Amino acid sequence: MQAGLDEVARFLERADPPTRPNAKSARAVMAAVAWHLRTGGGWRALPEGFPPWRTVYGWFRRWVEKGLFETLMR
């Protein structure tokens with residue numbers, strides 16, 4: 001699973017690079033998204049160790065709106 005998250009994170013960073021120098025890594029955000037999808041927990045219930053839920057949710061919505069997950073599935 002780790003290798004899969006790394007591969008997805010590399011794709012997302014190439015497809016939609018962060019514009020701020022202090023942005024959270026796509027790998028950390030994808031790990032949080034994977035946790036959310038795996039457990040079905042609320043965004044606000046992300047455990048410590050993940051980026052803030054608003055950051056994760058913001059990146060997730062951005063990637064969905066850009067169709068990046070659809071591109072990955074093809």
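The values are calculated or read from the model by the stated rules, or taken from the named source; none is laboratory data. Being a predicted model, the structure only gives us computed values, none of them experimental. Cβ: placed from backbone, ideal geometry, glycine included. Neighbour counts: every protein chain shown. Surface areas here come from the heavy atoms of the whole protein model, side chains and all, with no ligands, DNA or RNA. Shrake-Rupley method; radii C 1.70, N 1.55, O 1.52, S 1.80 Å.
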- prompt: What about Lys66, is it open to solvent by 60 Å² or more (accessible area, probe 1.4 Å) and in contact with a Pro (Cβ under 9 Å, 6 or more places away or on another chain)?
  reply: no
Among residues of region 14-43 being of a type in the set (Gly, Ala, Ser), open to solvent by less than 50 Å² (accessible area, probe 1.4 Å) and within 10 Å of the chain's Cα centre (by Cα), the residue nearest to Trp63 (Cα to Cα) is Ala26
| message | Being among the charged types (D, E, K, R) and not in a loop (DSSP other than H, G, I, E, B): is that true of Arg20 here? | response | no
- Task: Would you mind stating whether Thr55 is under 14 Å from the mean Cα position of the chain (by Cα) and in contact (Cβ under 8 Å) with a residue 24 or more places away in the chain?
- Result: yes
Expected single match for without any contact (Cβ under 8 Å) to a residue 60 or more places away in the chain and of a type outside the set (Asp, Glu) among Leu12, Leu72 is Leu12
